[in-house]
Amino acid sequence: MKFFLLISLIGFCWAQYDPQTQYGRTAIVHLFEWRWVDIAKECERYLAPKGFGGVQVSPPNENIVVYNPSRPWWERYQPISYKICTRSGNEDEFKDMVTRCNNVGVRIYVDAVINHMCGSGGGAGTSSTCGSYYNANNRDFPSVPYSAWDFNDGKCDGEIHNYNDANQVIDLGGEAIKGSEYFGNGRVTEFKYGAKLGTVIRKWNGEKLSYLKNWGEGWGFVPSDRALVFVDNHDNQRGHGAGGASILTFWDPRMYKMAVGFMLAHPYGFTRVMSSYRWTRNFQNGKDVNDWIGPPNNNGVTKEVTINPDTTCGNDWVCEHRWRQIRNMVAFRNVVNGQPFSNWWDNGSNQVAFGRGNRGFIVFNNDDWSLSTTLQTGLPAGTYCDVISGDKIDGNCTGIKVTVGSDGNAHFSISNSAEDPFIAIHAESKL
């Protein structure tokens, strides 16, 4: 069924049970491939005022520069050193971003690639974001420094040929650095890199995960004035689903908004919203060419994220987190935080609804026919503003109004052809 396909996309692992967000902020956004200077601005001008708890950023460490295909997104996952130097910016800009975002209560979560280097196909030379020399085939990365001795040889030829082979994916085709029993120069460098970025390092050692806090300081709490470091085998994250939730980018905005709405309304996990730079798909010779595309750029230089008068993004950036439906559901999740899952209803097909205690209620129509029914919301009597179709402004509603009776019931009508075929109301949208 369409709807259950939609909701099955929950699948991102946050092993941190305490994500260290400011109290009352329950979701973060992945600002994929954004520059550090733009993230700093976005924290101050939008994310903090709209109740976002944090930002996941792209890997900040130096990587190879790939020209065929031209500057794809995945070059960020081909590291050659731990210098904070990428197309997102330099170390000073990174530090400024962390400081400014934390000052307004928005945490920075780093997708830190420290468990492997670039594949053997990366070649040799100084085609890297900071000009450091490397020889991938010889496993020689002097800027770390790593040599061939530091890697897991004999398991593969340095490349992943089958992403359905768990051993290849976990070992990253021979790119992976030796296990945690080795504490030579390479490991020390990795740990110092994690501590330099912030603190918590999540390490993959073949079977389980472990955590470090601040090099030399042992285990434990993560200071909130640092960047949190989220680390795993990047390819191992494919289909990973335990302890958290995220929705990846669709090429159908209507479906995407419903999927994110469901995720943010449901009490499961710690949620992450994806914010990207493309929606259309382009297939050539049976391959999805757009899967290679990197961020909007001018001759390889990442474009600034500009803001249009209507608060959407310009300069080829999409910025889904700024869409009314998405940012209002982030607010919904903050409002219903701690409330139980309640008042589930479905029509046996793809119309569903559920509440969050007495603080919120949401209804979806993903069928090919209209929805018209009276449902128990669990909310106090009154008139509420639907935060999907509009905003509550100065006590008025710019969208659909929903009346809840003294018995908690309300009537919902949602056309299957509506731009956004779902309705959400919560305690703070009461007029």
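The values are calculated or read from the model by the stated rules, or taken from the named source; none is laboratory data. Note that the structure is predicted; figures quoted are calculated from it, not measured. Reconstructed Cβ throughout: ideal geometry from the backbone, glycine too, with neighbour counts over all protein chains shown. Each accessible area value is taken on the protein alone, full model and side chains, heavy atoms only, with ligands, DNA and RNA left out. Shrake-Rupley method; radii C 1.70, N 1.55, O 1.52, S 1.80 Å.
Between the amide H of Phe270 and those of Gly244, Ala245, distances stay under 5 Å, these residues lying 5 or more places away or on another chain, with hydrogens modeled in the peptide plane. Here's how it looks for Tyr277: its modeled amide H is under 5 Å from those of Val318, which are all 5 or more places away or on a different chain. In this structure, the residue pairs whose Cα-Cα separation is over 18 Å, taken from Lys41/Lys303; Lys401/Lys430; Lys83/Lys303; Lys50/Lys392, are Lys83/Lys303.
Given axes a ≥ b ≥ c from the Cα gyration tensor, I'd like to know whether the stretch 376-431 is rounded (a/c under 1.5), prolate (a/b larger than b/c) or oblate.
On the way: a/c = 2.39, a/b = 1.17, b/c = 2.05.
Note, shape of the stretch 376-431 comes out oblate.
Each residue of the stretch 421-427 was assigned a 3J(HN,Hα) from its phi angle through the Karplus curve 6.51 cos²θ - 1.76 cosθ + 1.60 (θ = phi - 60°); the sequence is x, 8, 10, 9, 10, 8, 4 Hz, with glycine and proline shown as x.
Mind ordering 352-364, 377-389 by average Cβ neighbours within 10 Å, highest first?
Numbers: 352-364: 23.8, 377-389: 21.5.
So the peptides 352-364, 377-389, ranked by packing, come out 352-364, 377-389.
Assign one of three labels to the stretch 325-431, namely rounded, prolate or oblate, based on the Cα gyration tensor with a ≥ b ≥ c the square roots of its eigenvalues; rounded applies when a/c is under 1.5, prolate when it is not and a/b is larger than b/c, and oblate otherwise. Note, shape of the stretch 325-431 comes out rounded. Annotation: amide H of Asp391 within the under-5 Å range of Thr398, Gly399, sequence separation 5 or more or interchain, hydrogens built in the peptide plane. The residue among Gly348, Pro295, Val363 whose Cα reaches farthest toward the positive pole of the charge dipole of the stretch 292-368, with charges on the beta-carbon of Lys, Arg, Asp and Glu, is Val363. What the phi angles of the stretch 308-320 give under the Karplus curve with 6.51, -1.76 and 1.60, with θ = phi - 60°, is a coupling list of 7, x, 8, 6, 7, 8, x, 6, 6, 8, 8, 6, 4 Hz, glycine and proline written as x.
When each of the peptides 131-141, 50-60 is scored by how many other beta carbons lie within 10 Å of its residues on average, the order from highest to lowest is 50-60, 131-141. Within the stretch 337-381, all pairs of alpha-carbon atoms sorted by distance into 10 Å bins from zero give the percentages 29, 49, 21, 1. Approximating the spin labels as points 7 Å out from Cα along Cα→Cβ, the Thr306-to-Ser147 distance works out to 5.2 nm.
Residues with beta-carbon under 9 Å from that of Leu379, excluding Leu379: net charge, scoring Lys, Arg +1 and Asp, Glu -1?
On the way: positive: Arg359, Lys430; negative: none.
Counting the neighbours of Leu379, the net charge comes to +2.
Sorting the segments 24-36, 403-415 by their residues' average number of neighbouring beta-carbon atoms within 10 angstrom, most packed first, yields 24-36, 403-415. Applying the Karplus relation 6.51 cos²θ - 1.76 cosθ + 1.60 with θ = phi - 60° to the stretch 121-135 yields 3J(HN,Hα) values of x, x, x, 9, x, 10, 7, 9, 5, 10, x, 6, 7, 7, 9 Hz, where x marks Gly and Pro. Sorting Met255, Met263 on solvent-accessible area from highest to lowest, probe radius 1.4 Å, gives Met255, Met263. The figure for Ile293 is an accessible area of roughly 60 square angstrom, using a 1.4 Å probe on the protein chains alone.
For the stretch 29-156, what class follows from the C-alpha gyration tensor (a ≥ b ≥ c being the square roots of its eigenvalues): rounded when a/c is under 1.5, otherwise prolate if a/b is larger than b/c, else oblate?
Values: a/c = 2.50, a/b = 2.32, b/c = 1.08.
Judged from the Cα gyration tensor, the stretch 29-156 comes out prolate (a/c at least 1.5, a/b above b/c).
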